[in-house]
Each structure stands twice: as C-alpha cells, then as structure tokens.
Amino acid sequence: MARHVDGDAQRVAAVMDGRAQPDDQAANQAGRPYERVLIVEDEDVLRRIIARNLTGRGMRVREAVTADEAVAAVLAERPDLMLLDINLPDRSGWDVLRELRQRGAEVPTIVVSAVRVGQSRLAEFHPLAYLPKPFPLEALLRLVLGDTPREAEAEGR
C-alpha cells in the first residue's frame, strides 16, 4: 500500500528535505521517472513552473486547466502520471478521478492541493501521494522522480 504525504507534518518535512523516501510507487515500476505527465492545475504560474521543471528532466508534459480538459487528455493520451489539483474551475479533481474510474481509464495520481484532504478521500481514490500547497518544488520533484538527494549523489549526478 502506498504511503500518502498528507498532513503528517513529520512525514511531509522528511520527504521535503530528503530524509525520507517518497512513495515507493511515485516512480514507475522500472525505477525510472514517468515519461508522460499530465499537470491539471488552474494556477497558471504554478502549472508552468512544474511543467518547465519536468520537461527539463526529459518528461513529456501535457497541461490542463479544467476537469473537462483533464478527462479529455487522459482519454486521448493515457499519461503515465497525473498531477491533480482538487479545486478546478468547472468541477473538482475528485470528479476527474471518479469519471476516469467509471470509464476504466485510471491513472496514477499525485494530488497537489491547498484544500485539506481527508483520509476518507484518500481511501476512496488511492492517490500515490497528497502534497499540500504551498510546497517546495523539490518535494514534488522527489515524488515524481522517486529520487532523494543522497541517491542522486551516489549515482554521480
């Protein structure tokens, strides 16, 4: 079962500063980062910063601003990972996950949201991780890349 970076202050702090390993499933099964990532975020600046950082690390990124765009992108392109905000202009991120489940198109998801997420939602949708906003970009990158600073040093990066 995946661990959630959810509100446990010690766990969040440990992942953010590299003392703890992010979710074991936050990197694909081969131990490499995901190749195709869908970012569903209505805050333009945050979405662009995340996209720039992921593309700079060799990932193909698609961006969506609304729930409808997110569902359409998943159905058309089947990304390896979705970074999903909960408060979207047209519907909630939970609605996105619910619709994808109904359509048989579930995608590994990391929830990034300013909204406090309850355990019942995490239990219902089983995201790989929940990262509360605001968060350091490095914390998100560790979750997506499955990489801690010590591992990067050991590999000579």
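The values are calculated or read from the model by the stated rules, or taken from the named source; none is laboratory data. Keep in mind it's a predicted model, so treat the numbers as computed, not measured. A quick note on method: Cβ atoms are made from the backbone with ideal geometry, for glycine too, and the neighbour counts reach across all protein chains shown.
Quick notes
- Within the stretch 73-99, the set of residues being surrounded by fewer than 18 Cβ atoms within 10 Å (Cβ to Cβ), touching a strand residue (DSSP E or B) at 6+ places or on another chain (Cβ under 8 Å) and part of a helix (DSSP H, G or I) comprises just one member, Glu77.
- Filtered by the rule that a residue be small (Gly, Ala, Ser) and under 14 Å from the mean Cα position of the chain (by Cα), the stretch 101-126 gives Ser113, Ala114.
- Matching helices (runs of 4 or more DSSP H) fully within the stretch 111-157 where at least 1 residues are within 16 Å of Arg57 (Cβ to Cβ) and at pLDDT 90 or above: 137-145
- Residues that are among the aliphatic types (A, V, I, L, M) and more than 19 Å from Val115 (Cα to Cα), drawn from the stretch 85-101: Leu100
- Residues that are touching a residue at least 40 places away in the same chain (Cβ under 8 Å) and closer than 17 Å to Ala114 by Cβ occur in the stretch 68-84; there is at least one.
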